[in-house]
Each structure stands twice: as C-alpha cells, then as structure tokens.
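Below is one structure, written out as structure tokens, with a few remarks after it.
The values are calculated or read from the model by the stated rules, or taken from the named source; none is laboratory data. Quantities reported herein were computed from a predicted structural model and do not represent experimental measurements. Quick reminder, even Gly has a Cβ in these numbers, built from the backbone with ideal geometry, and neighbours come from all protein chains shown.
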Amino acid sequence: MLHATPRAPRPGAFCSAAFSIRFLETTVTARHIAEGVAIDDAADGRIAGIEILDARQRFGDPEVFRRVILEDIALAPPVAGRRA
C-alpha cells in the first residue's frame, strides 16, 4: 500500500504539519537523515515510510500536495523469491 497524506506530527515534534508516505503499516524506527526529514525503517530492514516535518513551509506551493509522481515503479505483483 502506498499513500501520501499530510498528517499530524509525532508526539514531541515541533511542527504544525507533517507529510508522510507509508509503504508498510508496521512498527517503525525513525532514522533522521536531515533536519525534519526521517526514513521509517521496519524491523526487517525495509523502508516503511518517509516523513517530512513542516511540509507546508518547506514546499511552499500547496499544489505539491495534490499530486504524487511515481517514476519507473513497477506496480505489478513481485516476482516469487524476490523482495518487493
């Protein structure tokens, strides 16, 4: 499942809104890669999501939130034996 939604920040965060992309619904560990940007890792090592704090201020243009562009993503079922 892939969905991108503006959402409330994690408890203790210092922002008014976050932009979150969830690939997996699971318990995650956040890996902060830049100020206000985190990769959520699943226990098995897969990327479960991406979170951007203060998204409205960072992107400026609200049109950014109206579209998600997937480039070169195969949306077909994974091949048996391969990790998706």
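Among the residues making up the stretch 53-66, those that are surrounded by fewer than 17 Cβ atoms within 10 Å (Cβ to Cβ) and not in a helix (DSSP H, G or I) are G60, D61. In summary, I50 fulfils each of the numbered conditions (1) modelled with pLDDT of 80 or more; (2) in a loop (DSSP other than H, G, I, E, B) with the single exception of condition (2). A search for C-beta distances below 7 Å between a residue of the stretch 13-25 that is of a type in the set (F, W, Y) and modelled with pLDDT of 80 or more and any residue that is part of a loop (DSSP other than H, G, I, E, B) and surrounded by fewer than 18 Cβ atoms within 10 Å (Cβ to Cβ), counting only pairs 6+ apart in sequence or on different chains, returns F23/L2. In the set D44, D40, only one residue is of a type in the set (D, E), under 12 Å from the mean Cα position of the chain (by Cα) and either assigned to a loop (DSSP other than H, G, I, E, B) or at pLDDT 90 or above (or both); that residue is D40.
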